[in-house]
Structures are given as structure tokens and as C-alpha cells.
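Just below is one structure, and these are the notes that go with it.
The values are calculated or read from the model by the stated rules, or taken from the named source; none is laboratory data. Every value quoted in this text rests on a predicted model; they were computed, and no experiment measured them. FYI the Cβ positions are ideal-geometry reconstructions off the backbone, even for glycines, and counts take in every protein chain you see. We work out accessible area using only protein heavy atoms, side chains counted, and drop any ligands, DNA or RNA first. Shrake-Rupley method; radii C 1.70, N 1.55, O 1.52, S 1.80 Å.
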Amino acid sequence: MTSQTPNVPGPDQIRRAPKVLLHDHLDGGLRPGTIVELALAQGPHSLKGMGGAPIDALPEADPDKLGTWFREAADSGSLERYLETFAHTCAVMQTREALFRVAAECAEDLAEDGVVYAEVRYAPEQHLTAGLSLEEVVEAVNDGFREGERRARANGHRIRVGALLTAMRHAARALEIAELANRYRDLGVVGFDIAGAEAGYPPTRHLDAFEYLKRENNHFTIHAGEAFGLPSIWQALQWCGADRLGHGVRIIDDIEVAEDGSVTLGRLASYVRDKRIPLELCPTSNLQTGAASSYAEHPIGLLRKLHFRATVNTDNRLMSGTSMSQEFERLAETFGYTLDDMQWFTVNAMKSAFIPFDERLAMINDVVKPGYAELKSEWLFDQMAVTSSSSSVAG
Ligand SMILES: O=c1[nH]cnc2c1ncn2[C@H]1C[C@H](O)[C@@H](CO)O1
Ligand SMILES: [Zn+2]
């Protein structure tokens, strides 16, 4: 037997299952050892305006301790404090070599975890301190992703990684970054995003960028409904025209569950469900920033039951000490999700990706469904083996 409860996958099956990741930050997923090595390699005072040698600025120089530091520092219950930890990762991602390495390792790590398709985001404007241009940043990351895909393949894994270019919502470069995303469309960049502190920085501040992308028939997602509630989701959808919601978890505020279990959706929640707006849910990240109080109380349970277009994501693997497999393990433990549930989340994610329809369909039919069918058939044979051995004892 590979699982204790019928059809609930164990850690090994979860890791081997094909997974699709739509919301993962490049600067939130570095290996701690890489941060230390890159900081050391930069030497003293190599970066202007970064406040001294990167290695001295790091809170810990030992990779294990540094990994723990990130998880603990990000575990504050506040999105603003969570975001402060990114100063340390961005500080070591300022050269072509560093960006290439981080992107290659990102693709390798995701592939090793069984991710077959990922959209990984980062903000090019945060990687200019050592003199790179926006274009050089994008090209370094794209080249790194291609290298990581090649290394993964050499190790027996297949993954495809697309980049999403993020603009920071407190800054004023969204249109410029949207134009950059459009320029590198079909060249490794599949869409656009805005991120950063949500309260006080409504998405409508960047309307020019979203209107530009719509005119270009391009795709974008918006971080909304994480630290701030329904007004942010409403603006992201109805003013900005977002294709997907980064988090969107606060849509739960527009859903009422009565004592008898009956459910009433408000107008906005109905719209999100009716229009099949993808929700890029990130359970562990939400526990750290205070958007949810426990896995059991995380809105994903209800949203899945109500058939919202829910997807499972990591957000920041370093700050949350997580992976796609770990997110699914927690969900399987908490909600008893089966391989069928896992497949449902994965097909939802693949349907919601920003690559062309025929490519999404091919991934669903030729990669995702066969992968789950294989795991389910393993489980079935294990069950039959157990049944026949117990019937021979009884006979
Ligand atoms: O969960 C998040 N909400 C808002 N902003 C975020 C989140 N995770 C990361 N970011 C920010 C910090 C990064 O430096 C930036 C680009 O990846 O995006
Ligand atoms: Zn995010």
C-alpha cells in the first residue's frame, strides 16, 4: 500500500505527480547556499548603494541558519514585514551571472519537485543596482531558465518555465515594465503582474499599464485580495481587467455560509466563479502574512467545494520553506484530498496558464492526465493486491 486512506496520495506520489505552478517569485525561491555564495563572490562594497558588503549585510552566513532566518522573519503576520526579507535576495541578484544561476537553479528545483509547467515572476526594476539594463535582466533570467530546463532534462525531468514580469505597486514604472513584457513576448516572457504592499497601493494606480497590455492583447495577473479585501479584487477585475488574481483569497469575504451549511455568494464572488477567474492560492504564504489562520481554516477548502477556478501555488519557496509537493501534502493531510482532487487543481492551473490554448491543451492531455492515470493505476493495483491476499487468508 502506498497510502493509508483510500486514494489519498502519500509524499512520494505527490512528488511524482505532475504539478503546475502559476505563482512563484524568482527572488523568493533562492537556495540559501546560493545566497551565501553569491554574497561572498560579490566581495566588499561591490554594489553601489547597498550598504556595504553583501555578506556582512546577511543576517546569517551559514546556509541552514539563513534558511531558518528567512522562514522565521517572514512569519510575522504582516505582508509589509514579509516583504522586507526580499532585500537580502535582491541584493545578490544584480549581475547577469547571478540572475542566470538563480533562474537555472529555480527551474532545476521545480523540476526535481515534479513541476512540469511553471510561470515564475520577478521585478526587473529591482535588479538594476550594478548597472544592468532592464533588457539585460530579462535576457539573463530567460537564459537561466533555458539552462535549468536543459539540466532538468539531463536528470530525467521535463519542465517548461515561462517568465512573468512584475512591476512594484509602490513604484511608478508599471507602464515601462508592461512594454518590456510585450517586447519579450514569445521570447520567454508570458505575461505581467504587479506585486508589493497592497494596502494603500490600489491596482488602479497602474491603469495605464493594464490598458496598454489589453490593447496589445497581452496577459496579466494582479496580486489582489491578499492583505486587502474585496475592493482590491474588484478593482483588479473591473477596472484593470486582470486575467487572474494573485492570491484572491479574500474573495471569501463575499461568501456567506449559514449554520445549516447553505452558501450564498455575493455579486463579486459570483462573478469570479461564473467567469472562471483563476485564483492563484498560496496557502503557506497566507498563514505567514496573516491572510489565513490555519490550513484547516484556509478558504481553499470551501473554494474547491464551490468549484471556483482554484489553483495551488508556492509564492515564495525560500520565505515559506515550501515546495509544490509540500503545499499538496498539507492540503491532503488537512482536507483528505485525493489524486483526483490534485489532478483537478493541476488541470485548473494548466487551463489558466498564459501560453496559447493548443499548448495548454497538449500539456493537459499528454502530460497531466497520463501522469495522474499512471499514479491512480499504481494505487488500484496496490489495492487489488491487498484484497486478493486478504481473501486468500479468509478462504
Ligand atoms: O505575496 C506577495 N504579495 C505581494 N508582493 C509579493 C509577494 N511575494 C513577493 N512579493 C514581492 C516581493 C518581491 O521582491 C517582488 C517581485 O518578485 O514581489
Ligand atoms: Zn506573490
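Work out how much length GLN383 to GLU37 would gain on full extension: take 0.36 nm times their residue separation and subtract the Cα-Cα distance, in nm to one decimal.
Residue separation times 0.36 nm, minus the Cα-Cα distance, leaves 119.8 nm.
Using amide H atoms built in the peptide plane, which far-off residues or other-chain residues are under 5 Å from GLY191 H to H?
Correct list: LEU165.
Please report the antiparallel percentage of DSSP beta bridges with both residues in the range 128-235, rounded to the nearest 5.
The answer is about 0 percent antiparallel.
Could you give the accessible area per residue of the range 259-360, probe 1.4 Å, as a whole number in Å²?
That works out to 37 Å² for each residue.
Ignoring ligands, DNA and RNA, what percent of the 1.4 Å accessible area of the range 67-205 is carbon and sulfur?
Result for the range 67-205: 47 percent of the exposed heavy-atom area is carbon or sulfur.
Would you please put 270-282, 129-141, 60-72 in order of how densely packed they are, using the mean number of other Cβ atoms within 10 angstrom per residue and starting with the highest?
Result, highest mean first: 270-282, 129-141, 60-72.
To the nearest 10 square angstrom, how much accessible area does ARG96 have with a 1.4 angstrom probe?
100 Å²
For the range 215-334, which whole percent of the accessible surface, found with a 1.4 angstrom probe, sits on carbon and sulfur atoms?
On the way: 2130 of 4590 Å².
Whole-percent figure for carbon plus sulfur exposure: 46.
Name the residues whose placed amide hydrogens come within less than 5 Å of the amide hydrogen of LEU22, ignoring near sequence neighbours (fewer than 5 apart) on the same chain.
Correct list: GLU119.
Could you derive backbone 3J(HN,Hα) for the range 151-161 from the dihedral phi with the Karplus parameters 6.51, -1.76 and 1.60 (θ = phi - 60°), listing whole Hz in sequence and x where the residue is Gly or Pro?
Once θ is set to phi - 60°, the couplings for the range 151-161 become 5, 4, 4, 4, 9, x, 10, 10, 8, 10, 10 Hz.
Within the chain, count lysine pairs with alpha carbon atoms under 14 angstrom apart where the residues are 8 or more positions apart or belong to different chains. Please list the in-between numbers first.
Working: LYS19/LYS351; LYS19/LYS369; LYS275/LYS351; LYS351/LYS369.
Within the chain, the lysine pair count is 4.
Taking only DSSP H segments of four or more residues, each worth -39500 (n - 2.57), what value at 222 nm results for the chain once the sum is divided by all its residues, to the nearest 500 deg cm²/dmol?
Value at 222 nm, helices only: -14000 deg cm²/dmol.
How tilted is helix 63-73 with respect to the longest principal axis of the chain? Cα atoms for both, answer in degrees (0 to 90, nearest 10).
Approximately 90 degrees, to the nearest 10.
Would you pull out the residues with amide H under 5 Å of TYR122's amide H, same chain only if 5 or more places away, H placed 1.01 Å from N?
LEU26, LEU164, THR166
DSSP beta bridges in the chain, what fraction antiparallel, as a percent rounded to 5?
Counting DSSP beta bridges with both partners in the chain, the antiparallel share is about 10 percent.
If you place +1 on the Cβ of every Lys and Arg, -1 on the Cβ of every Asp and Glu, and leave all else neutral, what size is the dipole of the chain about its Cα centre, to the nearest 20 Debye?
740 debye
Short version: ³J(HN,Hα) in whole Hz for each residue of the range 292-304, in order, from phi by Karplus 6.51 cos²θ - 1.76 cosθ + 1.60 (θ = phi - 60°), x for Gly and Pro, what are they?
8, 9, 7, 4, 4, 8, 5, x, 4, x, 6, 5, 5
Using a 1.4 angstrom probe, figure out how much accessible area the range 175-245 has per residue, in square angstrom, rounded to the nearest whole.
39 Å²
Heads up, I need the accessible area for PHE86: 1.4 angstrom probe, whole protein in place, Å², nearest 10.
Its heavy atoms expose roughly 20 Å² to the probe.
Residue by residue through the range 268-283, which ³J(HN,Hα) values in whole Hz follow from phi under the Karplus form 6.51 cos²θ - 1.76 cosθ + 1.60 (θ = phi - 60°), with glycine and proline marked x?
So the Karplus estimates, Gly and Pro as x, are 5, 4, 4, 4, 4, 6, 4, 7, 6, 6, x, 9, 8, 7, 9, x Hz.
Along the charge dipole of the chain, Cβ charges K/R +1 and D/E -1, which of MET324, ASN218, GLY33 sits furthest on the positive end?
In the chain, that residue is ASN218.
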